[in-house]
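Structure, as structure tokens:
The values are calculated or read from the model by the stated rules, or taken from the named source; none is laboratory data. In this text the structure is predicted, and so the values were computed from the model without any measurement. Every residue, glycine as well, gets a Cβ built from its backbone with ideal geometry; the counts of neighbours run over all protein chains shown.
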């Protein structure tokens, strides 16, 4: 399968494209379990991570993935770059082009920024999260984790709980899961539900206790405390009481159901520590799958070869 040059979002991808990412990532999981988990698939390639927003897990995950494939990695931080001196995104793109890098991993606070780079670079561009738009690599690793546990995605019942309004993770997961035939619902206070949610073809609920037992997967989203000043919910304590994944609430879930979280978690707010570390949680599996998935994405878009 010939991939598109860039991975800017899940919206618009076909099921075959999504499954190609999932199947390729599964092969790289086997490599990560080797005593020396490195292959020369991208030897001689240079990958630039270009992060205009703070990130720990995603940037480290991509860096490790690239190094496992023997690529050279250059990490860029906007806080120490010429961006602080007024350099525009297009100026940055031109400078990147002059450096002859092969691929760019970009996270940006503005929705659509990765597309601008993609349209102005010969290098492939991978969106590592843009504004409130999409976070495609997180969704792919999430879907990979679900498929590992259940063996399928079609007709799986998935509930996303929390700040759907601002969540790029939620949007990408919805696009991917719906494309593969899953049933997706969201649950949150009305103020955290997008007004145009019906366009995404998902069910909407407001009472978590009434429905939590109906789902195979419950994914808690990070409550973005920096937005709490906007008054989108009365208090952190009230949010936890109504929507937090507490020990008591999780006991209502199906026996084989799983709990997910894209991280970082606000323990004691959207998820209790005992739940995050409990038997239903696959959060650490998501982290491991993140490296394998990002290896697959780099391999596919860089035209890698396994010798």
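So the values come out like this:
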quantity: Residue match in the range 233-247 (condition: over 30 Å from residue 45 (Cβ atoms), crowded, with 22+ Cβ neighbours inside 10 Å and touching a helix residue (DSSP H, G or I) at 6+ places or on another chain (Cβ under 6 Å)); calculated: yes
quantity: Filter result (over 17 Å from the mean Cα position of the chain (by Cα) and surrounded by 22 or more Cβ atoms within 10 Å (Cβ to Cβ)) within the range 278-301; calculated: 299
quantity: Residue 3 being surrounded by 13 or more Cβ atoms within 10 Å (Cβ to Cβ), outside the structural domain of residue 152 (by TED's automatic domain parsing) and closer than 23 Å to residue 118 by Cβ; calculated: yes
quantity: Residue check, residue 42 within 22 Å of the chain's Cα centre (by Cα), surrounded by 15 or more Cβ atoms within 10 Å (Cβ to Cβ), modelled with pLDDT of 95 or more and not assigned by TED's automatic domain parsing to the domain that holds residue 261; calculated: no
quantity: Looking only at the range 202-245, and only at residues there that are part of a loop (DSSP other than H, G, I, E, B) and at pLDDT 95 or above, the one that is farthest from residue 270 (Cα to Cα); calculated: 202
quantity: Test result for residue 275, assigned to a helix (DSSP H, G or I), buried (at least 16 other Cβ atoms within 10 Å of the Cβ) and assigned by TED's automatic domain parsing to the domain that holds residue 149; calculated: yes
quantity: Cβ pairs under 6 Å, 6+ apart, first in the range 83-95 and farther than 11 Å from residue 116 by Cα, second modelled with pLDDT under 80 and in a helix (DSSP H, G or I); calculated: none
quantity: Meets criteria (surrounded by 12 or more Cβ atoms within 10 Å (Cβ to Cβ) and modelled with pLDDT under 95) for residue 62; calculated: no
quantity: Exclusive hit being surrounded by fewer than 23 Cβ atoms within 10 Å (Cβ to Cβ), over 12 Å from the mean Cα position of the chain (by Cα) and either under 21 Å from residue 269 (Cα atoms) or modelled with pLDDT under 95 (or both), set 179, 191; calculated: 191
quantity: Qualifying residue in the range 156-168 (condition: in contact with a strand residue (DSSP E or B) (Cβ under 9 Å, 6 or more places away or on another chain), surrounded by 17 or more Cβ atoms within 10 Å (Cβ to Cβ) and on the phi > 0 side of the Ramachandran plot); calculated: yes
quantity: Per-region count, the range 198-210, residues touching a strand residue (DSSP E or B) at 6+ places or on another chain (Cβ under 6 Å) and more than 20 Å from residue 155 (Cβ to Cβ); calculated: 1
quantity: Sole exception among (1) within 17 Å of residue 159 (Cα to Cα); (2) within 21 Å of the chain's Cα centre (by Cα); (3) in contact (Cβ under 8 Å) with a residue 60 or more places away in the chain for residue 220, by number; calculated: (3)
quantity: Per-region count, the range 117-131, residues surrounded by fewer than 18 Cβ atoms within 10 Å (Cβ to Cβ) and in contact (Cβ under 8 Å) with a residue 24 or more places away in the chain; calculated: 3
quantity: All helices (runs of 4 or more DSSP H) inside the range 98-182 with 1 or more residues being assigned by TED's automatic domain parsing to the domain that holds residue 216; calculated: 136-150, 168-179
